[in-house]
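Novice: Before anything else, here's the structure in question.
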Amino acid sequence: MPEIARRQVSRIVGTSCLAAALALPVGMTTATAAPGVMAHGAASSPAQPTPEPPPEEQPPPEEQQPPPPEEQQPPPEEQQSPPPQEQQSPPPEEQQSPGQEKRELQRLTPAEEQDLQDQLDKLPKELKDKLQSTLDKTMAAAKDPATSAADKATYDRILGEINAALKVIQNPATSAADKAALTKIVAGINESLRIVHDPKTSQADKNTYRRLALGLAEAMPSLTDPAIPADIRAFNKKVLELIADSLLAAQVPKTQPKKPEDKEKIKKIVEENVAALKTYRNPDATPQQRAEAKARLDRLAAAPKNSQYQEFVAELKRLKAPAACLTSVENRTREAGWPDGALWGVSDQSCADTVAAGASDTNSKWSPVFQCVQQKPFSQCTGTIPRD
C-alpha cells in the first residue's frame, strides 16, 4: 500500500504541475482557470510526505522526469501562440479602414466626368445653363489639392448622385411627377453648391450648404427605388420637393427674407428639415429618433391643413389680401411650415397693404401679429400668434 500511495501522490503532483504550466499562459484569456489550477497544485504538494516511503523506495527517474520536460515544453508553445493571435486580429480592421477611405475619397473617373457632361448636354438649355457653371466648379474643387479629403468625398458623392438623377430624369420610362421632383431637387442641390463656391460666403455657411447639398443628394435615390414601398417613396418625394423649394425661395431676390435674422431663421429650418429626413431614413436611428423626425416632416407636409394657419388665411381674406399675397403665404408655409413660413410669406411686399390694415384693426386678435411683422423681423413674431 505505501508504494501504491506514493505513486498516486506522485502522479497527482505531476498532473498538477502540467495543468499549472498549461494554465499560466492561457490565464491571459481565461482568468479563472489559472487560479483554480494553482490552488489544486498547492493542495496536492503537502500530501507528498504523508505516505512515509521506505528508504529503498526512491522515486523512480521516470516519475521525476516528466514534470521538468512538461514544464519546459508548454511555455514555448503557449508563449509563441498568443502573439500571432494578437497580431492577426487587428490587421483586418486596420486594412479595412484605409480601403474604405480610398473608396470614399476616390474622385470621379474621367469616364464618369464625361458621362455627367453628356447628361448635362441632353438637358434643356435653360436648365443646363443653370447647372453647368456650378458643377464645373464642383468638379474642379474635387480635384483641387487644397480641398480637404472629407470635402472631396462629399463633392464626389454629390456629383455621382446628380449624374444618376439626370439619367433617371431623361429616361422615357420615368413618370412626369418623378422627373419634376428630381429636377427641382437637383436645382436645390445646385443652388447649395453655388453658395458654397461663392467667394463671399463665410466658411460657416460653406459648411452648412455643403451639408445641405449632400443631404438632398443622398436622399434622391429614395424617390425612385422600387425596393422602397410606394407610400414611403411618395412621402420622401413630397418632403424633398418642399425642402428644395424652401432652399431656392430663400435665395431668389423676390422671395428671400430681407433681414439677416430672418435669413438665419429660414436657413436653420431648412437644416433641421434635412437633418430630420436623414434621421428618418437612417436604419440605425432609434425608433424614438425616427418617430420624432417623422413627426417634424409630417408637420411640414401638413402645414396648410393646420387649423391656426387656416384661421390666419381667413383673416387675410377678411382684410381683402390680393391673390399674390395669399400665394406668397401659401407657398412659404408649404416650404417652411407653420408659423414661420406663413410669417415669411406675409412679410412679402405683396402683403404690405394687408399687413397695415391688420395692424390698425385692434379689435382683431391677429392685430399683434401684423403689428410685429410691420416693425420687427418676422422670425421674432411667432410669440404673437394667438393661442386658443
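The values are calculated or read from the model by the stated rules, or taken from the named source; none is laboratory data. Bear in mind the structure is a predicted one, so any value in this text is a computation, not a measurement. In this analysis, Cβ positions are derived from the backbone assuming ideal geometry, glycine residues included, and neighbour counts consider all displayed protein chains. Ligands, DNA and RNA are excluded from the accessible area calculation, which covers all protein heavy atoms including side chains. Shrake-Rupley method; radii C 1.70, N 1.55, O 1.52, S 1.80 Å.
Novice: All but one of (1) surrounded by fewer than 22 Cβ atoms within 10 Å (Cβ to Cβ); (2) under 17 Å from the mean Cα position of the chain (by Cα); (3) small (Gly, Ala, Ser) hold for Ala213; which doesn't?
Specialist: If we test Ala213 against (1) surrounded by fewer than 22 Cβ atoms within 10 Å (Cβ to Cβ); (2) under 17 Å from the mean Cα position of the chain (by Cα); (3) small (Gly, Ala, Ser), just (1) comes out false.
Novice: Within the bounds of the stretch 352-370, is there any residue that is part of a helix (DSSP H, G or I) and within 20 Å of Ala244 (Cα to Cα)?
Specialist: Looking for residues that are part of a helix (DSSP H, G or I) and within 20 Å of Ala244 (Cα to Cα), one finds none in the stretch 352-370, hence no.
Novice: Which one of these is part of a loop (DSSP other than H, G, I, E, B), among the aliphatic types (A, V, I, L, M) and either at pLDDT below 95 or more than 20 Å from Tyr280 (Cβ to Cβ) (or both): Ala173, Ala187, Ala177?
Specialist: Sole residue among the options that is part of a loop (DSSP other than H, G, I, E, B), among the aliphatic types (A, V, I, L, M) and either at pLDDT below 95 or more than 20 Å from Tyr280 (Cβ to Cβ) (or both): Ala173.
Novice: Consider the stretch 342-388. How many of its residues are closer than 14 Å to Ile266 by Cβ and either surrounded by fewer than 17 Cβ atoms within 10 Å (Cβ to Cβ) or out of contact with any helix residue (DSSP H, G or I) (no Cβ under 6 Å at 6 or more places or on another chain) (or both)?
Specialist: 2
Novice: Is at least one residue of the stretch 160-178 among the charged types (D, E, K, R), in contact (Cβ under 8 Å) with a residue 60 or more places away in the chain and either in contact with a Phe, Trp or Tyr (Cβ under 6 Å, 6 or more places away or on another chain) or open to solvent by less than 40 Å² (accessible area, probe 1.4 Å) (or both)?
Specialist: yes
Novice: While we're here: Among the candidates Lys254, Lys258, Lys238, Lys294, which residue alone is outside any helix (DSSP H, G or I), under 28 Å from Lys179 (Cβ atoms) and of a type in the set (Lys, Arg)?
Specialist: Result: Lys254 is the single residue among Lys254, Lys258, Lys238, Lys294 that is outside any helix (DSSP H, G or I), under 28 Å from Lys179 (Cβ atoms) and of a type in the set (Lys, Arg).
Novice: Return the pairs, sorted by first residue and then second, in which the second residue is part of a helix (DSSP H, G or I) and at pLDDT below 95, the first residue lies in the stretch 207-234 and is over 20 Å from Asp245 (Cα atoms), the beta carbons are less than 6 Å apart, and the residues are 6+ apart or on different chains.
Specialist: Ile228/Ser222
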